[in-house]
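Contents: one structure, followed by commentary.
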Amino acid sequence: MRFRNTSAARSFYGSLLILLPPLLASADAEWKILSAESESGRGGIDHRHVVVEQTAVAQRVAVDLAVFSAKSTSLRVIDNPDGKSLDARMKGEKFGCAVNGGYFDAEFKPIGLRIADGTTFSPLRRARLITGILLQSDHGIDVIRVPEFPRTKKIIAAVQSGPFLVEGNKRIRGLNESQVARRTFAGIGTNDRAFLGLCSDVSLAELANILATVSIVEDSKIRRAMNLDGGSSSAFWLARDNGSAFSISGRKPVRDFVAVGPK
């Protein structure tokens, strides 16, 4: 399924909220793929649009993914102090995909570690919620836990966020089951796969269950996945092969973005 513009994407995601009942089912409930479509994007980055269903309560959720090589692509953190939209920030850039980044406070300052082009502009923090780091090093793109952060290795880009959603293809237990919102997330899979994604309204526990139990990334199991800032911050952008772009716009300004492109 292709959305020609942001308004079409918003319409689809909004329809899920209107047509479906409240998300009150257990996070342990079984999810199955109802439909899945793929298209090639710029620089070998694939776009996957997957609709998953929890048949017991007739609940459907849309997931959009940008899937790419963890070793042959490059991740960048883009500071956005002037609050531009993701679409505006991507104009004229050579990136293949991008999403919103980590959390920020009421003064529009990043919360947690941010590294852009090898320079740290926000320090590492230890807090219960922001337990993961999405980063780019000389070894490629990776998702790590905060205690694993290498103090000596050169890090090109990093964004601290959380919580962790998946570890070793198993969902993290104890995540919130009641607060429902759009979610942005990032992860690492087997077979040199990495991904950025946006999911329509679910709880953190439900998203973790979907990522751990449904094959939304073809030919790859998810090793690790972490949550990024979500809700009204959630935004997704992907450059198509034909020069157009697929995008789901955020609903408020965010402090930074995560983008992936060629090395």
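Could you check segment 140-178 and list, in sequence order, the residues that are part of a loop (DSSP other than H, G, I, E, B) and either loosely packed, with under 15 Cβ neighbours inside 10 Å or aliphatic (A, V, I, L, M) (or both)?
Result: Pro150, Arg151, Thr152, Lys153, Lys154, Gly168, Ile172, Arg173, Gly174, Leu175, Asn176, Ser178.
Would you mind finding the one in Ala106, Ala116, Ala181, Ala127 that is open to solvent by 10 Å² or more (accessible area, probe 1.4 Å) and at pLDDT below 95? Spell out how you get there, then give the answer.
Values: Ala106 fails: at pLDDT below 95; Ala116 fails: at pLDDT below 95; Ala181 fails: at pLDDT below 95.
The match here is Ala127.
Among the residues in segment 133-142, are any modelled with pLDDT of 95 or more and either within 23 Å of Lys252 (Cβ to Cβ) or of a type in the set (Lys, Arg) (or both)?
yes
From Val254, Val217, which residue is at pLDDT 95 or above, part of a loop (DSSP other than H, G, I, E, B) and open to solvent by less than 20 Å² (accessible area, probe 1.4 Å)?
Val254
Where residues in segment 54-76 are buried (at least 17 other Cβ atoms within 10 Å of the Cβ) and under 12 Å from Lys32 (Cβ atoms), which of them is nearest to the chain's Cα centre (by Cα)?
Val61
Could you list all residues from segment 130-139 that are surrounded by fewer than 17 Cβ atoms within 10 Å (Cβ to Cβ) and either touching a Phe, Trp or Tyr at 6+ places or on another chain (Cβ under 9 Å) or in a loop (DSSP other than H, G, I, E, B) (or both)?
Within segment 130-139, Asp138, His139 meet the criteria.
In this structure, is Val99 in a strand (DSSP E or B), open to solvent by less than 10 Å² (accessible area, probe 1.4 Å), out of contact with any Cys (no Cβ under 6 Å at 6 or more places or on another chain) and over 16 Å from Gly261 (Cα atoms)? Even if it seems obvious, please write down each step before you answer.
On the way: in a strand (DSSP E or B): yes; open to solvent by less than 10 Å² (accessible area, probe 1.4 Å): yes; out of contact with any Cys (no Cβ under 6 Å at 6 or more places or on another chain): yes; over 16 Å from Gly261 (Cα atoms): no.
No.
Would you say Val51 is in contact with a Ser or Thr (Cβ under 8 Å, 6 or more places away or on another chain) and without any contact (Cβ under 8 Å) to a residue 24 or more places away in the chain?
Yes: the conditions hold for Val51.
Answer yes or no as to whether Val51 is under 28 Å from Arg223 (Cβ atoms), surrounded by 20 or more Cβ atoms within 10 Å (Cβ to Cβ) and modelled with pLDDT of 95 or more.
Considered against the rule, which asks whether it is under 28 Å from Arg223 (Cβ atoms), surrounded by 20 or more Cβ atoms within 10 Å (Cβ to Cβ) and modelled with pLDDT of 95 or more, Val51 comes out as no.
Quick check, is Ile155 in contact with a Leu (Cβ under 7 Å, 6 or more places away or on another chain), in contact (Cβ under 8 Å) with a residue 12 or more places away in the chain and closer than 21 Å to Ile115 by Cα?
yes
Looking at the structure I just gave you, is Ala235 closer than 12 Å to Val99 by Cβ and either in contact with a Ser or Thr (Cβ under 9 Å, 6 or more places away or on another chain) or at pLDDT below 95 (or both)?
When the stated conditions are applied, Ala235 passes them.
Which residues, counting only those in segment 32-43, are open to solvent by less than 60 Å² (accessible area, probe 1.4 Å) and either out of contact with any Lys or Arg (no Cβ under 9 Å at 6 or more places or on another chain) or more than 15 Å from Leu238 (Cα to Cα) (or both)?
Restricting attention to segment 32-43, the residues satisfying the condition of being open to solvent by less than 60 Å² (accessible area, probe 1.4 Å) are 35-36, 39, 41.
Selection gives Ser35, Ala36.
Could you tell me which numbered condition Asn227 fails, if it satisfies all but one of (1) open to solvent by 10 Å² or more (accessible area, probe 1.4 Å); (2) under 16 Å from Leu129 (Cα atoms)?
Checking Asn227 against (1) open to solvent by 10 Å² or more (accessible area, probe 1.4 Å); (2) under 16 Å from Leu129 (Cα atoms), the one that fails is (1).
What tally of residues in segment 225-249 results from selecting those that are more than 20 Å from Gly187 (Cβ to Cβ) and touching a residue at least 12 places away in the same chain (Cβ under 8 Å)? Outline the logic, then answer.
Kept after step one, since they are more than 20 Å from Gly187 (Cβ to Cβ), are these residues of segment 225-249: 232, 239-245, 247, 249.
Going one step further and asking which of them are touching a residue at least 12 places away in the same chain (Cβ under 8 Å), we end up with 232, 239-241, 244-245, 247, 249.
The total comes to 8.
The values are calculated or read from the model by the stated rules, or taken from the named source; none is laboratory data. No experiment lies behind these values; they were computed from the predicted model shown. Note that we place each Cβ from the backbone using ideal geometry, even for glycine, and neighbour counts take in every protein chain shown. Accessible surface areas use protein heavy atoms only, side chains included; no ligands, DNA or RNA. Shrake-Rupley method; radii C 1.70, N 1.55, O 1.52, S 1.80 Å.
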